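Novice: Got a structure for you, written out below as structure tokens; questions coming shortly.
The values are calculated or read from the model by the stated rules, or taken from the named source; none is laboratory data. Note that this is a predicted model, so its numbers are computed, not measured. Every residue, glycine as well, gets a Cβ built from its backbone with ideal geometry; the counts of neighbours run over all protein chains shown. Each accessible area value is taken on the protein alone, full model and side chains, heavy atoms only, with ligands, DNA and RNA left out. Shrake-Rupley method; radii C 1.70, N 1.55, O 1.52, S 1.80 Å.
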Amino acid sequence: MASSHAKRMLRRSVRQRDEMLDELRALVKSIERAEVLLSELKRDTEAMNVRHQGRRTTREDIAYLEDLLKCARKKLAWEKQMESLATRTPDVLAKVSTAMNDTANPPADHIRASVLELLQTVQTAMGRLDAAKSAD
């Protein structure tokens with residue numbers, strides 16, 4: 001029969017793995033949101049430039065600048081998302097490494113498979129995001 005200390009450590013380990021999986025899923029969603037926001041920003045900027053191509057009056061200049069400010073705000077939101085991702089990602093990956101290398105309570109095979117799938121999803125999403133950033 002396992003001691004109460006061992007049971008407590010097992011529960012703690014399982015809770016940490018669940019939190020790690022949740023954080024990994026949240027990271028994937030954040031990357032996907034950043035990708036969507038970037039594509040929206042590009043589409044909005046292109047549409048704005050087409051719409052305000054032949055400005056001749058001060059009113060048209062003002063409308064252009066107002067639309068430009070909207071795009072700048074959206075770009076600022078995207079930059080904040082990217083900054084958040086850059087700071088969160090190493091922490092999440094450190095937790096993944098700790099949980100996967102736990103010798104006292106090693107994760108089950110289905111947990112390892114879930115983590116691998118999520119890490120591949122993160123890698124794919126980051127690749128798409130990098131491609132979208134470089135398509136400027």
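Novice: Against the longest principal axis of the chain, how steep is helix 4-51, in degrees 0 to 90 to the nearest 10, with axes from Cα atoms?
Specialist: 10 degrees
Novice: Tell me, in nm to one decimal, what length is gained between Arg112 and Arg33 on full extension, where the rule is 0.36 nm per residue of separation less the Cα-Cα distance?
Specialist: Values: separation 79, 0.36 × 79 = 28.44 nm, distance 2.55 nm.
So the extension gain works out to 25.9 nm.
Novice: Provide the gained length on full extension for the span Asp18 to Arg59, in nm with one decimal, where the gain is 0.36 nm per separating residue minus the Cα-Cα distance. Please report the intermediate quantities before stating the final value.
Specialist: On the way: separation 41, 0.36 × 41 = 14.76 nm, distance 5.57 nm.
Net length gain for the segment: 9.2 nm.
Novice: Right, something else. Roll a 1.4 angstrom probe over the protein heavy atoms and tell me the percent of accessible area of the chain that is carbon or sulfur. Numbers along the way, then the final one.
Specialist: Values: 5170 of 9440 Å².
Result for the chain: 55 percent of the exposed heavy-atom area is carbon or sulfur.
Novice: Treat every Asp and Glu Cβ in the chain as -1 and every Lys and Arg Cβ as +1, leave all other atoms uncharged, and give the resulting dipole magnitude about the Cα centre to the nearest 20 debye. Let's see the in-between values first.
Specialist: Numbers: 25 positive and 21 negative charges, 72 e Å.
The calculated dipole for the chain is roughly 340 debye.
Novice: By how many nm would the segment from Ala86 to Asn101 grow when fully extended, if each residue of separation counts as 0.36 nm and the alpha-carbon distance is taken off? Display every interim value, and only then the final one.
Specialist: Values: separation 15, 0.36 × 15 = 5.40 nm, distance 2.35 nm.
Full extension from Ala86 to Asn101 adds 3.1 nm.
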